[in-house]
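The values are calculated or read from the model by the stated rules, or taken from the named source; none is laboratory data. Since we're looking at a predicted model, the values are computed, not measured. Cβ coordinates were reconstructed from backbone atoms using ideal geometry, including for glycine residues, and neighbour counts include every protein chain displayed.
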Amino acid sequence: MIKENTKKQDLLWYVLIVVLLLVPFIPQVAANSFTQHVFILILLYASMSQAWNIIGGYCGQVSFGHSVFFGIGAYGAGMAVVKFGITPWPGIIIGSLLAMVVAVLISYPCFKLKGHYFAIATFAIVEIFNRLFMVWYWVNGALGLDYPMVKTGWTNFVWYRTKIPYYYGALILFTTIFSIVRFIERNRFGYYLRAVREDQETAEATGINSTFIKLSAMALSAFLASFCGAFFVQYNFRVDPPMVMSLQVSMVFVLVTILGGAGTLFGPLLGALILIPLQEYTRVLWGGLGRGTDLMLFGFLIVLIMVRQPKGIMGLINEYLNYRKTRKIISAQPEINS
Amino acid sequence: MTMFFQVAIDGLLTGMVYALVASGLSLIWGVMDVLNFAHGEFLMLGMYVSYWLGFLINFDPLISWIASGVFCFLLGILTYKLIIHHCLLGPPLSALLATFGLSMILKNFALNRFSPNYRLLTGTLLDGKRTLIGNIVLPMPQLITSIFALVVVFIIYYVIKRTRLGWAIQATAMDKEAAELMGINTERIFLLVFGLGGLCVGVAGGLLPSYLAVHPEVGGLFGLIAFVCVAMGGFGSIPGALLAALLIGLVEALGGFYIAPVFKYVVVFGLYLLVVMLKPKGLFGW
C-alpha cells in the first residue's frame, strides 16, 4: 500500500516538473511579464517554505528565525556583486556556508527551549540581526545594497529585458530543494526527524541523538533558505535589512508552509500557489491606494483558513481522500458478507 | 551619577507600562497556552480610542482610559469568540498564525482609517508638568501612567490569587478537564481571560497618548517586548512578567544611553537570550 502511494507520488512529481517546464510557453504567460513574475514568486516562496519545512514541519521545531539565513544568503550575493564587483556565485556559496554556521551556532543553545519559548527566542534573534545589519557600515547599513548595471547572462545571474531565465532559475531551485526533501522523507534521516517531532524523549530512548538530528536539520534548512535569499536579491537588484531580515519575512516562511500543510511534501507548494497570487493580485488591484486594503484582505484570509482548517490545505485533501477510501470499503463490505 | 539615576528612573517608568502590557499577555498565555500576536495591535487601538476621545470631545486620558479599557475588553472577547475558540482544537501554532492575521487586519485598518501620521495628544491635564526629586526630573504624564499601570497589575494579581474567580482561572490553567469536573465553566473562563488580557492593554493604551505618539505601527514593538517579558518572566507568572518588564525597561534605557541608541534593543533581546539560556523556563517558571 505504501509502495503504491509512493509510486503515485512519484508520477505526480514528474508530471508537475514537466508542466512547470512548459509554463513559459503558454502564450498568456509569455506575453505578460507580470504573470511571469507571479510564477517566479510562487516557485521562490515554495522553495523557501520547503526549506523551512525540513526543520519546522518534519522536525517540529517552529523557528521564526529563518529570515536571518535568508538575509545572510541575500547579503552574500549582494556583497559579491556590489562591493567586490564580481559574479555572485562565490558570494552565494560563502553566504550559504556562513548561514549554516550561524544556524548551528544560534540553534545549539536555543534547542534547549521548548514550544513558545523557542519561538520567542528566534524572534529575538531576528530582531538582533536586523538591528546589527542596520548599523553595519561594511554592508551599507540601512541604505542597503543597490545593484550596478552588469552584463546579463548566467555568469552574473542577471537579466533586464526578460524574466524567463529567472523562471528557469527558480525552477532549478525549486526542483533541487523539493528533491532533497523528497529524498529525506523516505530516508532514515526523515524518520529520525519525525520521531523527534512526535516525542523527543521516546526518540532519545530508542537511541536517536536528538540534538544532532535537530542541528543537522537546521543546518540543511538554513543552507537551502540562504540559496533562496540569494535568488531573491538577484531577482530584486536590491537588498536592505527590513526587506530580508525581519519578522515579516520570517512569518512568510511559516505561513506558506502551515497554510499548505506542515510536514508534507506538497504542502509548501500548495500554500505558495494560493498565497502568492492572492498577495500579488490584491496588491495590484488595491495596493496602489496606499491604504493597506490588500493587506487587510490578506490578513482576513489567513484568519479564515486558520479558523476553518488549522491543518492546512493538505489536511483538507487528506480528509477527502480518507473519506473516499472509507466509502469504498463500506460499499465493498456487503459482497464479502454474502 | 545624577545622569545614571535619571536614565534608570526613566527606564523603570517605561518598564512599568511594559509590565501592564505583558501581564495581559501572560494571563492569556498561562491559561490557554496561546500566544496572542495581535496584542500590540490591541494596544494601538486602545491608544487610538483615547486619542480620538481627547481630540474630538476633549476627554483627558485620565478619564478616557476607562473607555479604551472597555473597548479592548470587548475586542478581546470578540477575538476569542470568532477566532481563538476555533483554533484551540487545532495544532498549537494555528492560534498564533490566526492572531498574526488579525494583527495584519487591525494594523492596516488603522492605516486605512487614520492614515500613517504620528498623532500626539497635546494640552492634557498633566501636559508639561513635572516634579523634582533632588536633581532628578520626573515628568508627570510618565509618572502617573506608570504608577497607574503598576496599580492595575497589582489588582489583576490580587484578583487571580485571592478571589473565587481567580481560583477558577488558576484551576482552568492547571487542568482544564479537572476544572470542568469541579463545575467550572472553562469556556466562560477562557472568554473572560481573553477579555482581561485586552483590558490590561486597553488601560495601558488609554493612558499612553499623553506622551507617546500614536501611529499604526506603534503596537509592533510593544507587542514584541511584551512577548519577551512574558517568556523571560516564566510561563503565565505575573510577578515574573513584572520583574522582567522592569528589568527590560532599565536595560533598554541604560543600554540606549551608555552604548548607543541603535543598540538598545540588541541589548534587550540579548539579555533575554542570556536569561533563557541560563533558565530555560524563565525567571519564575517551573
Q: Determine which member of the set A:Y137, A:Y160, A:Y147 is free of Cβ contacts under 8 Å to residues at least 60 places away in the same chain, out of contact with any His (no Cβ under 9 Å at 6 or more places or on another chain) and closer than 18 Å to A:T87 by Cα.
A: A:Y160
Q: Report whether or not A:I274 is surrounded by fewer than 19 Cβ atoms within 10 Å (Cβ to Cβ), part of a helix (DSSP H, G or I) and more than 8 Å from chain B (Cβ to nearest Cβ).
A: yes
Q: Could you please let me know if B:T145 is of a type in the set (S, T, Y), out of contact with any helix residue (DSSP H, G or I) (no Cβ under 6 Å at 6 or more places or on another chain) and on the phi < 0 side of the Ramachandran plot?
A: no
Q: Could you name every one of the helices (runs of 4 or more DSSP H) located completely within the stretch A:84-195 that has at least 2 residues being within 14 Å of chain B (Cβ to nearest Cβ) and farther than 30 Å from A:G60 by Cβ?
A: A:115-135
Q. Pick from A:T35, A:T6: which is assigned to a helix (DSSP H, G or I), touching a residue at least 12 places away in the same chain (Cβ under 8 Å) and more than 27 Å from A:A99 (Cα to Cα)?
A. A:T6
Q. Of (1) over 30 Å from B:K281 (Cα atoms); (2) polar (S, T, N, Q); (3) buried (at least 16 other Cβ atoms within 10 Å of the Cβ); (4) in contact with a Phe, Trp or Tyr (Cβ under 7 Å, 6 or more places away or on another chain), A:T122 satisfies all except one. Which?
A. (1)
Q: Answer yes or no as to whether A:M314 is under 23 Å from B:S115 (Cα atoms) and either more than 9 Å from every other protein chain (Cβ to nearest Cβ) or part of a helix (DSSP H, G or I) (or both).
A: no
**Q.** the stretch B:65-123, subset of a type in the set (S, T, Y) and more than 17 Å from the chain's Cα centre (by Cα), residue surrounded by the most Cβ atoms within 10 Å (Cβ to Cβ)
**A.** B:Y80
**Q.** Test result for B:A231, within 11 Å of chain A (Cβ to nearest Cβ) and out of contact with any Ser or Thr (no Cβ under 9 Å at 6 or more places or on another chain)
**A.** yes
Q: Among the numbered conditions (1) modelled with pLDDT of 85 or more; (2) surrounded by fewer than 13 Cβ atoms within 10 Å (Cβ to Cβ), tell me where A:I336 comes up short.
A: (1)
**Q.** Residue within the stretch A:187-205 that is in contact with a Leu (Cβ under 7 Å, 6 or more places away or on another chain) and buried (at least 17 other Cβ atoms within 10 Å of the Cβ) present
**A.** no
